[in-house]
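The structure appears right after this line, and notes come after that.
Every read-out reported here was derived from the displayed coordinates using simple, explicitly stated rules and does not represent laboratory data. Computed from a predicted structure; not experimentally measured. Using ideal geometry, Cβ is built from the backbone for each residue, glycine included, and neighbour counts are taken over all protein chains shown.
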Amino acid sequence: MTVANSSFTIYATDSRISKGLLAIPRRLSREFPATKGKILVVFDDGIRVEPKIYVPYNPKIKECRVFGLSRWFSRHGIVAGDAITITVEDPMKGIYRIALDRFVQQRRAAEARRQLYKADSPEISGEQLRRLAESKKEKVQEIAFQEIALIAQRPLLKRKRVTALQRGRAEAVPPALRALLEALHQGKCQVCDFTFKKRDGKPYFEIHHLEPDEGHHPMNVLVICPNCHAQLENATVTEMERVVGWLVAARINGRRFRVRHLLCGDACLMSLQCLPRYALQPALPLLQRAFDGDAVILMITFAGEFLRTLNRSAICRTSI
Ligand SMILES: [Zn+2]
């Protein structure tokens, strides 16, 4: 007896891909018709139903088979080892959904990413960020890290002014960037590390724009506690020290503070990757001066993985 929405995963093999068929193990044959005929198939997250030939268990070949899948295989570039999930959509009408897991995951991730930047509140952006991380099977902080690194490659634009009710007031940082920064720094002040939990359990933090009229570029914003924020806004701030665009230290009323950058190693490297390889070497002493030795080592360790990440994420470049 077949049950609606029951699903199972099978793995593509070279010989079946070349024949354009999916082999269904005998133990799953109860989910399919008992006789040879046509079943109706919906591919991935589509809605169009296509008839396909189904051949029940045959003791000679020791499996059940669904034929006529060559076009779908080639459309997705399916290779041996790809996980394919078959879901019984409607057992009465004999409708089955055949979906390539990695395709569904990519679609899910792309949608979560779109919603992350479209959201009109940091809470919704935060939720979409969690979904994005889940669909990519990575940590939220890691995804925030990758996203901010990508945003940081964009040019710095002028900060807009709120025009509707509070004329002249600079607009707040977009919800998506706020959610990404919260995830990346866990709400901790980049100057003094302080944060506290609000009644809703989330960390309290403010966002400081280094150049008030410049836009919400990651290089122009800091996650900051109210105390440090007030100092940066009101005290005498001098010797703003930047490394490849990122603020790494400043003097507040004469006292030097370092600015913590979780992203620093990779983000610097990302900026540096625009330079030819030979230019990276002379940049290292500069970086060493700005960061702990450990941070530089970390940066070099991350380099390979990070460049791969950037290539992977190249398809996800959208504007906020
Ligand atoms: Zn602080």
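Among the lysines, select those whose C-alpha is under 29 Å from the C-alpha of Lys38, and discard any that sit fewer than 8 residues away in the same chain.
Lys19, Lys52, Lys60, Lys62, Lys93
Mind listing the long-range amide H neighbours of Glu89? Cut-off is under 5 Å, sequence gap 5 or more, other chains count too, H placed in the peptide plane at 1.01 Å from N.
HN-HN under 5 Å from Glu89: Asn5, Ile95, Tyr96, Arg97.
I'd like the Karplus ³J(HN,Hα) series for the stretch 127-138: coefficients 6.51, -1.76, 1.60, θ = phi - 60°, whole numbers in Hz, and an x wherever there's a Gly or Pro.
5, 5, 4, 4, 5, 4, 5, 5, 5, 9, 6, 10
Just want the ordering: Tyr96, Tyr11, Tyr117, from fewest to most Cβ atoms lying within 10 Å of their own Cβ.
Values: Tyr96 23, Tyr11 12, Tyr117 19.
Ranked by crowding around the Cβ, least crowded first: Tyr11, Tyr117, Tyr96.
Once the piece of chain linking Ser6 and Met240 is laid out straight, how much longer is it, given 0.36 nm per residue of separation minus the C-alpha distance between them? Walk me through the numbers on the way to the answer.
Values: separation 234, 0.36 × 234 = 84.24 nm, distance 6.00 nm.
Gain in length upon complete extension: 78.2 nm.
In the neighborhood of Val140, defined by Cβ-to-Cβ distances under 12 Å, what is the net charge if each Lys or Arg adds +1 and each Asp or Glu adds -1? Before the final figure, lay out each step's value.
Values: positive: Arg130, Arg131, Lys136, Lys137, Lys139; negative: Glu127, Glu134, Glu138, Glu142, Glu147, Glu182.
Spelling it out: positives minus negatives among the neighbours equals -1.
Lys158: which aspartates and glutamates have alpha carbons under 14 Å from its alpha carbon, excluding same-chain residues fewer than 8 sequence positions away?
By straight Cα distance, Lys158 reaches Glu171, Glu211, Asp213, Glu214.
Determine the sum of side-chain charges near Arg251: Lys and Arg each +1, Asp and Glu each -1, restricted to other residues whose C-beta is under 13 angstrom from that of Arg251.
On the way: positive: Arg255, Arg256, Arg258; negative: Glu239, Glu241.
Net of charged neighbours comes to +1.
Net charge near Gln190: determine it from the other residues with C-beta under 10 Å of the C-beta of Gln190, scoring Lys and Arg +1 and Asp and Glu -1. Could you put the intermediate results ahead of the total?
Values: positive: Lys188, Arg258, Arg260; negative: Asp193.
Here the charged neighbours net out to +2.
When you count, for each residue, the other Cβ atoms within 10 Å and take the mean per peptide, how do 139-148, 107-116 rank with the highest first?
Details: 139-148: 20.6, 107-116: 18.0.
In decreasing order of mean packing, 139-148, 107-116 become 139-148, 107-116.
Taking amide H atoms as placed 1.01 Å from N in the peptide plane, list the residues 5 or more away in sequence, or in a different chain, whose amide H sits under 5 Å from that of Gln190.
Distant-sequence amide H within range of Gln190: Val223, Ile224, Cys225.
Between Arg107 and Ile61, 0.36 nm times their residue separation minus their Cα-Cα distance comes to what?
On the way: separation 46, 0.36 × 46 = 16.56 nm, distance 3.51 nm.
This chain segment gains 13.0 nm when fully extended.
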